[in-house]
Amino acid sequence: GAVVSQHPSRVICKSGTSVKIECRSLDFQATTMFWYRQFPKKSLMLMATSNEGSKATYEQGVEKDKFLINHASLTLSTLTVTSAHPEDSSFYICSATGTGVKNEQFFGPGTRLTVL
Amino acid sequence: AQSVTQLGSHVSVSEGALVLLRCNYSSSVPPYLFWYVQYPNQGLQLLLKYTSAATLVKGINGFEAEFKKSETSFHLTKPSAHMSDAAEYFCAVSFSGGYNKLIFGAGTRLAVHP
């Protein structure tokens, strides 16, 4: 099956710093990638949708200047949490889809962000 | 508005017992429906999906789900629970006619005890 990786799996940072999370499709071309946020014991909340080479589309209530998404290639999307604060601590999950995988979404293993 | 409701945030069963996790959706258009499983600190794994073909869908690990349009339901079942089935289960729906933009239910945590 199609594989999506995320790096890092865990990151701890100080308040005010920026953190970049990478999402890679390893064996298919991801024309579209999604970024989700999951709070403890809660469901996944879609943050944004990114298409390769285009600006990301953010869901209502998600600050685009705080959560910068770049999808510069067909295998890589990055989420940068700028000026992170403790309330940004969460589990961030990406998923990817493409025509080569019948448009099914494949999920990465997630990144645990802790902001001190 | 489209939505997904999972009845029961926690379900506990004995090993070998029937597993039934409930999912209802609301939509004005035919939906695509999915069940995902999540183990602690991991991403989501697709169990099965309904895409307007057969209403009874068989997935991995012995799970299956039946799409009932009249009841707007897509409940997940497994005849005999295994200890390894303990996890969080999410029902999701896509209304775009494809697999994009999933809307997730709140999730059901399944506990399996000996």
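Going through A:GLY16, A:GLY61 one at a time, which residue ends up being modelled with pLDDT of 95 or more and surrounded by fewer than 20 Cβ atoms within 10 Å (Cβ to Cβ)?
A:GLY16
Among the strands (runs of 3 or more DSSP E) lying completely within segment B:12-94, list those that include at least 1 residues that are hydrophobic (A, V, I, L, M, F, W, C), touching an Asp or Glu at 6+ places or on another chain (Cβ under 8 Å) and modelled with pLDDT of 90 or more.
Details: elements: B:19-21, B:24-26, B:32-38, B:44-50, B:56-58, B:64-68, B:73-78, B:87-94.
Where strands (runs of 3 or more DSSP E) fall fully within segment B:12-94 and carry at least 1 residues being hydrophobic (A, V, I, L, M, F, W, C), touching an Asp or Glu at 6+ places or on another chain (Cβ under 8 Å) and modelled with pLDDT of 90 or more, they are B:19-21, B:32-38, B:44-50, B:56-58, B:73-78.
From A:ARG112, A:ARG37, grab the single residue that is assigned to a strand (DSSP E or B), in contact (Cβ under 8 Å) with a residue 60 or more places away in the chain and of a type in the set (Lys, Arg). Please lay out each step first, then the result.
Working: A:ARG37 fails: in contact (Cβ under 8 Å) with a residue 60 or more places away in the chain.
Of A:ARG112, A:ARG37, the one residue that is assigned to a strand (DSSP E or B), in contact (Cβ under 8 Å) with a residue 60 or more places away in the chain and of a type in the set (Lys, Arg) is A:ARG112.
I'd like to verify a number: residues in segment A:64-88 that are of a type in the set (S, T, N, Q), modelled with pLDDT of 95 or more, assigned to a loop (DSSP other than H, G, I, E, B) and surrounded by 15 or more Cβ atoms within 10 Å (Cβ to Cβ), how many?
Result for segment A:64-88: 1.
Yes/no matrix, rows are residues, columns are (1) away from chain B (no Cβ under 13 Å); (2) under 25 Å from B:ALA106 (Cβ atoms); (3) hydrophobic (A, V, I, L, M, F, W, C):
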residue: A:MET45; (1), (2), (3): no, yes, yes
residue: A:ASN51; (1), (2), (3): no, no, no
residue: A:GLU59; (1), (2), (3): no, yes, no
residue: A:GLU63; (1), (2), (3): yes, yes, no
residue: A:HIS71; (1), (2), (3): yes, no, no
residue: A:LEU79; (1), (2), (3): yes, yes, yes
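Take the conditions touching a strand residue (DSSP E or B) at 6+ places or on another chain (Cβ under 7 Å) and closer than 24 Å to A:LYS42 by Cβ and apply them to B:LYS101. Does it pass? If you could, list the steps in order and put the result at the bottom.
On the way: touching a strand residue (DSSP E or B) at 6+ places or on another chain (Cβ under 7 Å): yes; closer than 24 Å to A:LYS42 by Cβ: yes.
Considered against the rule, which asks whether it is touching a strand residue (DSSP E or B) at 6+ places or on another chain (Cβ under 7 Å) and closer than 24 Å to A:LYS42 by Cβ, B:LYS101 comes out as yes.
Somewhere in segment B:85-106, is a residue among the charged types (D, E, K, R) and more than 10 Å from chain A (Cβ to nearest Cβ)?
Within segment B:85-106, the first condition is being among the charged types (D, E, K, R), and the residues that meet it are B:85, B:88, B:101.
Subset that is more than 10 Å from chain A (Cβ to nearest Cβ): B:85.
Yes: one or more hits.
Could you check segment A:8-20 and list, in sequence order, the residues that are in a strand (DSSP E or B) and within 13 Å of chain B (Cβ to nearest Cβ)? Spell out the reasoning first.
Filtering segment A:8-20 down to residues in a strand (DSSP E or B) leaves A:10-13, A:19-20.
The answer is A:ARG10, and nothing else.
The values are calculated or read from the model by the stated rules, or taken from the named source; none is laboratory data. Treat the numbers as computed from the prediction; the structure is a model and nothing was measured. Glycine also receives a Cβ, built like all others from the backbone with ideal geometry; neighbour counts cover every protein chain displayed.
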